[in-house]
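Take a look at the structure set out below.
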Amino acid sequence: MEQSLGKSEEDLLDVVVKEPSGVYESKAIGLPETYINPFEDWAFKRIFASETSKEVVKAFLNEILAGKRQIETISYGKNEYPGEIKEDATAVFDFLCTDVDGTAFLVEVQRQEQKYFKERSLFYTSRLISDQAPKGNKEWKYNLKEIYSISLLEQFCLPDIEGGAYMHNVSLCYTKTGAPFYDKLHFIYIEVKKFAKKEADLKSALDQWIYALKHAAEMSAKPDFLTAPELSNFFYLAKYASLTKEERNMYRTAQQVKWDNQNVMDFQIEKARESASQEGRQEGLKEGLKEGREEGREEERLKALAEKKEIALQMKQDGVNIERIVKYTKLSKEQIDALI
C-alpha cells in the first residue's frame, strides 16, 4: 500500500491559476488528485512515451496482442510524419514504437467521436507504410514491415458494433470467406466507454489494464487486486506527486484546454436548444443542435490550436527543445518556428 503524502514543503502539490498571458502557472497549496488522468493527451505521453516507460508499454501491448505475438523489446520512433510534398498533411501520433524485427505499433487515444475517424486511422497507417520506401534510386521489392494501429476510444464506441466485447480486431480479408488477404496490417480498437467491469469481473491481465486506465484518476492508491505485470510501475508514472513543477503546469494546462473546449461545445448546444424552443418547432431544435455542434467543433478546434500555440511559445521562450515542444503540443516544427 502506498503511503499517504506528507505535509512537508516539497510534498505540497499545485493547483492551476490562469495568468493574463493565457499561460497557466501553478501555486503550491493543498492536495489535489493522487494520479493524473491517463487519457489527457500530455499525461498519456508522460506515462507511455518516455525511455522509463518501455517495460510498462511492452507489458500493456503484450496483453493487447496476446495470442498474436510477443514483443521482445521496443524502441521509440518519431511521432511526426510530414507529407511527401509541402502541401500534404502531417500525421502526428500519440506515440510510435517498434519491436526488434521492425514491426511498428502506433498507439493513439481518441477522446471524442470524429466524423472521419476510420479514414483518420487509415491515413495514419498509410504514413507509416509510405515511409518504409527507400529514398533516392535504391531498388525495393515492397517487403513491408508489419504495422499495428491501436486506438483507445474513451468517450464513444464504434458504430454498428453489437455485443459486450470492448476490443475489436480489424484486418484486410476476403469478403466471401473471411480469410486473411494481407496479414501485416492490423487495426485494434478498444472501447473504454463500453468497459463496465468491476473488481470481481476482471478475468484477464488486459481487463486489469483497462480498469486501471479508466479509473486511475479516481483512485487514492493502487488497489491490491490489480496485479498484472508492470501495473505498479504504471501507477508510479501516473502519480501526481512525482511530477516536476513544469510537468504539473503542462498537465493542468491540458486539463484546462479540455474543460474550455467542453464548455464551448455545451454552450453552443444550449444556445441551439434555446433558439429552437423559442421558435417552437421540433425541426428547429434538430437544425439548431446540428449548427451548434458544427459551430462548437470549429470554435473548439480554433481555441485548442490557440492554446497549443500559447503553450508552445512559452516553452520556446523557456528554451525547451523544439522536438519536445512538437511531442507535447502536436504542432508542426513550421508552426512552432513561426511563433514570435
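Side notes on the structure shown:
- Residues located in the range 159-191, provided they are aliphatic (A, V, I, L, M) and either farther than 23 Å from ASP201 by Cα or out of contact with any strand residue (DSSP E or B) (no Cβ under 9 Å at 6 or more places or on another chain) (or both): VAL170, LEU172, ALA179, LEU185
- The residues of the range 317-335 that are out of contact with any Lys or Arg (no Cβ under 6 Å at 6 or more places or on another chain), part of a loop (DSSP other than H, G, I, E, B) and either hydrophobic (A, V, I, L, M, F, W, C) or more than 12 Å from LYS45 (Cβ to Cβ) (or both), listed by number, are ASP318, GLY319, VAL320, ASN321, SER332.
- Failed criterion for LYS184 (all others in (1) outside any helix (DSSP H, G or I); (2) modelled with pLDDT under 95; (3) of a type outside the set (Ser, Thr, Tyr) hold): (2)
- Residues in the range 108-123 that are surrounded by 14 or more Cβ atoms within 10 Å (Cβ to Cβ) and modelled with pLDDT under 85: ARG111, GLN112.
- Residue in the range 75-96 that is modelled with pLDDT of 50 or more, crowded, with 16+ Cβ neighbours inside 10 Å, assigned to a strand (DSSP E or B) and touching a Gly at 6+ places or on another chain (Cβ under 6 Å) present: yes
- PHE234 outside any loop (DSSP other than H, G, I, E, B), of a type in the set (Phe, Trp, Tyr) and crowded, with 17+ Cβ neighbours inside 10 Å: yes
- Scanning the range 121-178 for residues that are outside any strand (DSSP E or B) and in contact with a Leu (Cβ under 8 Å, 6 or more places away or on another chain) returns TYR124, THR125, LEU128, ILE129, GLN132, GLU146.
- TYR174 meets all of the listed conditions (1) over 23 Å from LEU106 (Cβ atoms); (2) of a type in the set (Ser, Thr, Tyr); (3) surrounded by 10 or more Cβ atoms within 10 Å (Cβ to Cβ) but one, namely (3).
- Sole residue being modelled with pLDDT of 75 or more and more than 27 Å from ILE47 (Cα to Cα), chosen from ALA312, ALA338, ALA272, ALA306: ALA338
- For the range 130-145, the criterion of being of a type outside the set (S, T, N, Q), under 22 Å from LEU206 (Cα atoms) and surrounded by 11 or more Cβ atoms within 10 Å (Cβ to Cβ) is met by no residue.
- Restricting LYS141, LYS214 to those that are within 22 Å of THR98 (Cβ to Cβ), of a type in the set (D, E, K, R) and without any contact (Cβ under 8 Å) to a residue 40 or more places away in the chain reduces the list to LYS141.
- Against the criterion of being surrounded by 13 or more Cβ atoms within 10 Å (Cβ to Cβ), touching a Lys or Arg at 6+ places or on another chain (Cβ under 9 Å) and not small (Gly, Ala, Ser), TYR189 does not qualify.
- Scanning the range 39-67 for residues that are at pLDDT below 90 and in a loop (DSSP other than H, G, I, E, B) gives PHE39, GLU40, ALA49, SER50, GLY67.
- Flag not set for LEU206, criterion: touching a helix residue (DSSP H, G or I) at 6+ places or on another chain (Cβ under 7 Å), farther than 20 Å from SER151 by Cβ, at pLDDT 95 or above and crowded, with 17+ Cβ neighbours inside 10 Å.
- Of the residues making up the range 194-216, at least one is in a helix (DSSP H, G or I) and touching a strand residue (DSSP E or B) at 6+ places or on another chain (Cβ under 6 Å).
The values are calculated or read from the model by the stated rules, or taken from the named source; none is laboratory data. Keep in mind that what you see is a predicted model, and the values were worked out from it rather than measured. Virtual Cβ from ideal backbone geometry, glycine too; neighbours counted across all protein chains shown.
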